[in-house]
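Read through the structure below, which is laid out as structure tokens, and then see the notes.
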Amino acid sequence: MFNGETVFATDGIMLFYVYFPVLLKFVILCIGIYFITKIIKFMNAKINLDKERNEKIDELIKIVSKDRSEI
């Protein structure tokens, strides 16, 4: 195709038709991997924050139950 011959516009279009679907799939795959990693990081942070919140709620429950038992 490019062996010193004249390059026609149809040759470029054929290359575009051949490589565009491959590049598009690669881009979509990269975006998918990016979003999955972001979701995993978000969920790990959320789990840690939920654990801290539950510990604080448990402490508050202990304090309130202790105060009620003293009354």
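The values are calculated or read from the model by the stated rules, or taken from the named source; none is laboratory data. Remember, predicted model here, so these are calculated numbers, not experimental data. With ligands, DNA and RNA removed, areas are computed over all heavy atoms of the protein, side chains included. Shrake-Rupley method; radii C 1.70, N 1.55, O 1.52, S 1.80 Å.
Out of the stretch 12-30, which residues are within 18 Å of the chain's Cα centre (by Cα) and open to solvent by 80 Å² or more (accessible area, probe 1.4 Å)? Steps first, answer last, please.
At the first step, the residues of the stretch 12-30 found to be within 18 Å of the chain's Cα centre (by Cα) are 25-30.
If the condition is that a residue be within 18 Å of the chain's Cα centre (by Cα) and open to solvent by 80 Å² or more (accessible area, probe 1.4 Å), then Lys25, Phe26, Ile28, Leu29 are the ones that fit.
This table checks each residue for (1) of a type in the set (S, T, N, Q); (2) open to solvent by 90 Å² or more (accessible area, probe 1.4 Å); (3) at pLDDT 95 or above.
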{"site": "Ile36", "(1), (2), (3)": "no, yes, yes"}
{"site": "Lys41", "(1), (2), (3)": "no, yes, yes"}
{"site": "Ile47", "(1), (2), (3)": "no, no, yes"}
{"site": "Val64", "(1), (2), (3)": "no, no, no"}
{"site": "Asp67", "(1), (2), (3)": "no, no, no"}
{"site": "Glu70", "(1), (2), (3)": "no, yes, no"}
